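Peer 1: Okay, handing you the structure first.
The values are calculated or read from the model by the stated rules, or taken from the named source; none is laboratory data. If you're wondering where the values come from, they're calculated on a predicted model, not measured in any experiment. Neighbour counts run over all protein chains shown; Cβ positions are idealised from the backbone, glycine included.
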Amino acid sequence: MTDARRAYYDRIAAHGLTPLWEVLGALVPPAPRSPVQPAIWRYAELREQVMEAGRLITAEEAERRVLILENPGLRGQSAITQSLYAGLQLILPGEVAPAHRHTQSALRLVLDGEGAYTAVDGERTTMRRGDFIITPAWTFHDHGNDGDQPVVWLDGLDIPTVRFLDAGFAEKAAAHQQAVTRPEGDALARYGTNLLPMDYQPAPTDPTRVFVYPHAKTRASLQAIAAGGSPDPHLAHKLRYVNPATGASPMPTIAAFTQAIPAGFETRSLRATDGSIHVCLEGGGEAEIAGQTFRFAENDVFVVPSWHPLQLRADRDTMLFSFSDRPIQQALGLWREERL
């Protein structure tokens, strides 16, 4: 760089200006260059640290007793990808995580223990392992544990997206726990059985009113399609969760998927622009992410950054849950996939 050019840059910097030609390659790259790194969190190694948090702070004091899964490339940002947050939440027997609401959308995937519940807008659902539970934006929700075991679940939220947009609001409920106004299963009966209330006309972007997708039903669906056909070379047997009233993703900012991989099966490489978080619910195997190999077992969590090729190998019959920001990218016309 010439002295004249450097002096020019220094002068215009005082006016809040910077030359595009010096940063154009980084701003408009030929392909995604994500700072997110492939990574894995092995639950067997983390469980004791999660339980130790339960001995150090109460659910009420913490409001949400969670250990955040921070991506190694995003330390200090409370993010697992550029757009998504993930954490392991613990609730002990007899505890209540107090009711609140926020503009961030959230999902829960139950990993460990029984006896807890989540309440959303006056309805409780019992949390069973593998259940996919959502709390749509700006809905009051609390968690409790009426059982005799610690319960741990994975939280997934669009916190980094809402933070980027400076659109975050939160509010604590007047009561510690919500009053139960609807029986358990009410939302599933009204909105999740190919039936809808007569006066319900959802907008295409509305979140689902079905706030629990039971693992038992999901597993049965995967088993049925696996019995009826050969696995896709790139996906094995993979389904996406939807809002049954619209066919769109359960939440406008987060997509969720379930996937069954037969024992011994190896998928072909696939890459997409939506960085994704995967959780092993059954089985185990290997994930090869852009040339790095990660062995995973039940309850392990691994992240695949944007535009990083993913190849999966199953040691035994394996079931994975995953989520990503695909709905945002599709709404903006940005999402791209390549099957290699």
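To keep it simple, each residue is scored yes or no on (1) out of contact with any Leu (no Cβ under 8 Å at 6 or more places or on another chain); (2) over 25 Å from VAL162 (Cβ atoms).
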position	(1), (2)
LEU195	yes, yes
ALA203	yes, no
ALA220	yes, yes
ALA227	yes, yes
SER230	yes, yes
PRO233	yes, yes
GLY247	yes, no
ILE254	no, no
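Peer 1: Which residues, counting only those in the stretch 1-17, are hydroxyl-bearing (Ser, Thr, Tyr) and exposed (fewer than 10 other Cβ atoms within 10 Å of the Cβ)?
Peer 2: Across the stretch 1-17, the qualifying residue is only THR2.
Peer 1: Just give me the residues in the stretch 51-73 being more than 29 Å from SER34 (Cα to Cα) and assigned to a helix (DSSP H, G or I), in sequence order.
Peer 2: Passing the criteria: MET51, GLU52, ALA53, GLY54, ARG55, LEU56, ALA59, GLU60, GLU61, ALA62.
Peer 1: Further, regarding this structure: What number of residues within the stretch 153-193 are under 30 Å from ASP300 (Cβ atoms), without any contact (Cβ under 8 Å) to a residue 40 or more places away in the chain and either assigned to a loop (DSSP other than H, G, I, E, B) or in contact with a His (Cβ under 9 Å, 6 or more places away or on another chain) (or both)?
Peer 2: 0
Peer 1: Let me ask something else. Quick one: would you say ARG182 is basic (Lys, Arg) and within 20 Å of the chain's Cα centre (by Cα)?
Peer 2: No, not satisfied.
Okay, residues lined up against (1) more than 20 Å from the chain's Cα centre (by Cα); (2) assigned to a loop (DSSP other than H, G, I, E, B); (3) modelled with pLDDT of 95 or more; (4) not basic (Lys, Arg):
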position	(1), (2), (3), (4)
ARG6	yes, no, yes, no
ARG11	yes, no, yes, no
GLY16	yes, yes, yes, yes
PRO35	no, yes, yes, yes
GLU48	yes, no, yes, yes
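Peer 1: Sticking with this one: Picking from GLY285, GLY333, which residue would you name as being surrounded by 19 or more Cβ atoms within 10 Å (Cβ to Cβ), over 14 Å from GLN37 (Cα atoms), without any contact (Cβ under 8 Å) to a residue 40 or more places away in the chain and of a type in the set (Gly, Ala, Ser)?
Peer 2: GLY285
Peer 1: State yes or no: is TRP138 assigned to a loop (DSSP other than H, G, I, E, B) and under 23 Å from ILE254 (Cα atoms)?
Peer 2: It is true that TRP138 is assigned to a loop (DSSP other than H, G, I, E, B) and under 23 Å from ILE254 (Cα atoms).
Peer 1: Could you grab me the full set of residues in the stretch 127-139 that are surrounded by fewer than 19 Cβ atoms within 10 Å (Cβ to Cβ) and out of contact with any helix residue (DSSP H, G or I) (no Cβ under 9 Å at 6 or more places or on another chain)?
Peer 2: The answer is TRP138, THR139.
Peer 1: Here is a follow-up. Tell me the residue from THR253, THR258, THR318 that is touching a helix residue (DSSP H, G or I) at 6+ places or on another chain (Cβ under 6 Å) and not in a loop (DSSP other than H, G, I, E, B), please.
Peer 2: THR258
Residues checked against (1) surrounded by fewer than 19 Cβ atoms within 10 Å (Cβ to Cβ); (2) farther than 26 Å from VAL36 by Cα:
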| position | (1), (2) |
| --- | --- |
| GLN89 | no, no |
| VAL96 | yes, yes |
| ALA106 | no, no |
| GLU114 | yes, yes |
| VAL120 | no, yes |
| THR125 | no, yes |
| GLY147 | yes, yes |
| TRP153 | no, no |
| PHE164 | yes, no |
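Peer 1: Looking only at the stretch 235-250, filter to residues that are in contact (Cβ under 8 Å) with a residue 24 or more places away in the chain, part of a loop (DSSP other than H, G, I, E, B) and of a type in the set (Gly, Ala, Ser); which one of those is farthest from LEU109 (Cα to Cα)?
Peer 2: Within the stretch 235-250, the match that is farthest from LEU109 (Cα to Cα) is ALA245.
Peer 1: When the stretch 242-282 is examined, which residues are found to be among the basic types (Lys, Arg) and surrounded by fewer than 16 Cβ atoms within 10 Å (Cβ to Cβ)?
Peer 2: Scanning the stretch 242-282 gives a single hit, ARG268.
Peer 1: When the stretch 298-310 is examined, which residues are found to be crowded, with 19+ Cβ neighbours inside 10 Å and either assigned to a strand (DSSP E or B) or at negative phi (or both)?
Peer 2: If the condition is that a residue be crowded, with 19+ Cβ neighbours inside 10 Å and either assigned to a strand (DSSP E or B) or at negative phi (or both), then ASP300, VAL301, PHE302, VAL303, VAL304, PRO305, SER306, HIS308, LEU310 are the ones that fit.
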